[in-house]
1. Looking only at segment 524-568, which residues are open to solvent by less than 30 Å² (accessible area, probe 1.4 Å), touching a Gly at 6+ places or on another chain (Cβ under 8 Å), under 30 Å from Gln484 (Cα atoms) and not small (Gly, Ala, Ser)?
2. Somewhere in segment 470-488, is a residue in contact (Cβ under 8 Å) with a residue 12 or more places away in the chain, closer than 19 Å to Ser316 by Cβ and surrounded by 16 or more Cβ atoms within 10 Å (Cβ to Cβ)?
3. Glu519 - would you say it is surrounded by fewer than 14 Cβ atoms within 10 Å (Cβ to Cβ) and either in contact (Cβ under 8 Å) with a residue 40 or more places away in the chain or touching a helix residue (DSSP H, G or I) at 6+ places or on another chain (Cβ under 6 Å) (or both)?
4. Which residue pairs have Cβ atoms closer than 6 Å, lie 6 or more positions apart in sequence or on different chains, and pair a first residue in segment 184-204 that is under 9 Å from Met544 (Cβ atoms) with a second residue that is open to solvent by 50 Å² or more (accessible area, probe 1.4 Å)?
5. Taking segment 229-242 as the search range and keeping residues that are in a loop (DSSP other than H, G, I, E, B) and open to solvent by 30 Å² or more (accessible area, probe 1.4 Å), which one is nearest to Leu144 (Cα to Cα)?
6. Which helices (runs of 4 or more DSSP H) does segment 324-437 wholly contain that include 1 or more residues that are surrounded by 17 or more Cβ atoms within 10 Å (Cβ to Cβ), of a type outside the set (Val, Ile, Thr) and without any contact (Cβ under 8 Å) to a residue 24 or more places away in the chain?
7. Looking for whichever is surrounded by fewer than 24 Cβ atoms within 10 Å (Cβ to Cβ), part of a loop (DSSP other than H, G, I, E, B) and in contact with an Asp or Glu (Cβ under 6 Å, 6 or more places away or on another chain) here; the options are Lys49, Lys87. Which one fits?
Amino acid sequence: MLSDIEISRQAQLQPIETIAQEFGIIPAELTLFGSTKAKINLSIKQRLKDNRDGKLVIVTAVTPTPFGEGKTVTTIGLTQGLQAIGKQACACIRQPSMGPVFGIKGGAAGGGLAQVVPMEALNLHLTGDIHAVTSAHNLAAAALDARLYHETRLGAEVFTQESLLPALDIDPNKIMWRRVVDQNERSLRQITLAQGASNGPIHDGGFDITAASELMAILALSRDLQDMRARIGQIVLALSKSGEFITAEQLGVAGAMTVIMSEAIEPTLMQTLTGAPCLIHAGPFANIAHGNSSIIADDIALKLADIVVTEGGFGSDMGFEKFCNIKARQSGKAPDAAVIVVTVKALKANAELADGEARDEMSKLQAGFVNLAWHMRNVAQYGVPVVVAINRFESDSFEELAWLKAEVLELGAFGCEVSEAFTQGSQGATQLAQTVVHATEAGGQFKYLYELEASIEAKLMTIAEIGYGASGVNLSPLACSQLQTLKQKGFEHLPLCVAKTPLSISHDPKVKGAPSGFELPITELKLNAGAGFITALVGKVMTMPGLGVRPGYLNVDINEHGEIVGLA
């Protein structure tokens with residue numbers, strides 16, 4: 001079979017204006033970026049406001065493994081399958097970060113015959129949204145350090161006389177706004193700023209990856225440009241020496257940040273291999289941020305499509321949980337059905353085996369099934385109909401597939417289908433599409449995992465115990481101090497975004513299967529006032545990934561024809 005990039009390059013693409021027209025978007029609502037991608041002007045929301053919403057399907061997965069479960073392949077394949085059975089379907093996905101693209105994960109355009117194309121355009125720059133987020137974020141960091149420098153140099157009174165601005169009295173040891181870059185770069189996790197003469201008070205700082213920026217979360221959760229402007233103004237950048245929050249609005253930088261991101265708020269339209277529309281917008285990581293594409297993209301797609309297929313990052317304990325408890329709260333739109341992607345390989349890899357224990361392949365599958373069972377119960381507790389999609393690999397035996405499907409149905413799933421979208425495209429996902437349509441019509445009773453009125457401690461306990469299966473939580477001294485500050489400042493009502501490893505349901509990436517009885521260690525509580533949630537950092541989770549021993553960029557190059565090669 002051809003590689004993903006070879007399949008993408010050989011595809012017969014339609015002009016993006018044609019994709020838009022067939023989807024119901026008029027030319028005046030498009031800003032073209034060449035012939036294969038276009039921005040959608042938000043004026044479309046006013047034109048479509050009286051349209052009835054379609055159904056919303058969220059694709060999630062079991063706990064990730066090195067083999068890859070094919071969540072995006074299934075998202076795109078399902079969209080193509082829905083199109084093949086006569087439904088107006090649209091996919092809504094996140095923009096890939098170049099950190100993972102050149103690191104370990106590779107691209108995020110799907111694969112095989114279930115791709116967004118051209119895949120290199122999606123994986124590299126697209127329409128520049130991530131660069132806009134990076135620039136706006138770092139402008140705030142530069143503005144904060146400049147203010148600190150000038151106030152320190154001149155003193156509060158002289159500074160105010162010269163600038164006509166109030167002194168903020170920034171505490172250099174309490175700056176909360178780190179810088180960002182769209183690369184995996186562990187050496188920047190912790191740095192020292194303002195070294196050298198006349199550069200201001202020396203203080204600690206660091207970098208996160210752009211996908212972890214609060215601005216990226218804000219982009220995904222904003223309803224329109226004015227909402228984004230208000231949210232950016234609410235971002236807490238630092239503390240004053242008297243312990244008061246200093247916001248982007250107080251610093252006077254919120255307006256300029258919004259201007260930098262004023263085009264990034266528009267979703268990008270692309271197409272799948274079969275010409276189905278796909279909206280790409282925002283890219284918050286799911287192990288650090290809320291891990292879902294934008295509310296704006298969903299809103300537009302739901303007004304035009306019968307069924308919208310979106311995707312939550314990593315397993316159901318990550319992107320799906322955050323979709324339900326953060327995104328759905330802010331959008332007002334709950335999923336009508338959920339698809340859990342699983343592979344036979346993934347379940348074998350999730351089998352909890354004793355040291356040196358040897359098992360045959362079927363025994364490994366049976367041992368690892370506890371992980372899928374956990375994710376099925378996790379999704380079902382939100383009152384959403386569950387469909388399991390078995391992403392088939394060539395090595396899967398008929399016996400394994402039959403056993404797995406029977407066990408899934410025995411456990412109470414609405415449906416279970418084998419998906420062969422990777423090798424067969426839309427035709428390999430038509431049965432899955434039919435089952436998903438029926439699931440969206442079944443009617444669920446959606447419910448949140450916790451109420452916003454609960455205390456921060458109660459919400460943490462609920463997520464830990466009911467959301468992960470832990471026996472409780474353990475807050476570090478720093479987290480305890482931050483908890484008291486959040487309470488005093490009136491932010492106890494916000495939902496929680498737990499930042500933890502995606503490689504286990506627990507906080508320990510080495511623990512497989514469906515762990516229980518563990519204690520969830522909360523190391524830090526970080527306020528994201530503009531995004532509207534509190535991030536709880538768990539264990540050793542990093543907000544800046546690092547490159548491995550053999551990074552993905554080693555495979556990427558330009559050939560003698562000027563074509564990109566090696567992009568996965």
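The values are calculated or read from the model by the stated rules, or taken from the named source; none is laboratory data. Note that the structure is predicted; figures quoted are calculated from it, not measured. All Cβ positions, glycine included, derive from the backbone under ideal geometry; neighbour counts span all protein chains shown. In case anyone asks, the SASA skips ligands and DNA or RNA and just uses the protein heavy atoms, side chains included. Shrake-Rupley method; radii C 1.70, N 1.55, O 1.52, S 1.80 Å.
1. Met544
2. yes
3. yes
4. Once the first residue is under 9 Å from Met544 (Cβ atoms) and sits in segment 184-204, its partners that are open to solvent by 50 Å² or more (accessible area, probe 1.4 Å) give Asn184/Leu547.
5. Of everything passing the filter in segment 229-242, Lys241 is nearest to Leu144 (Cα to Cα).
6. The helices (runs of 4 or more DSSP H) meeting that bar are 344-349, 361-380, 398-410.
7. Lys87
To keep it simple, each residue is scored yes or no on (1) within 19 Å of Ile16 (Cα to Cα); (2) open to solvent by less than 10 Å² (accessible area, probe 1.4 Å); (3) at pLDDT 95 or above; (4) outside any strand (DSSP E or B).
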| position | (1), (2), (3), (4) |
| --- | --- |
| Glu249 | no, no, yes, yes |
| Ser262 | no, no, yes, yes |
| Ile296 | no, yes, yes, yes |
| Thr310 | no, yes, yes, no |
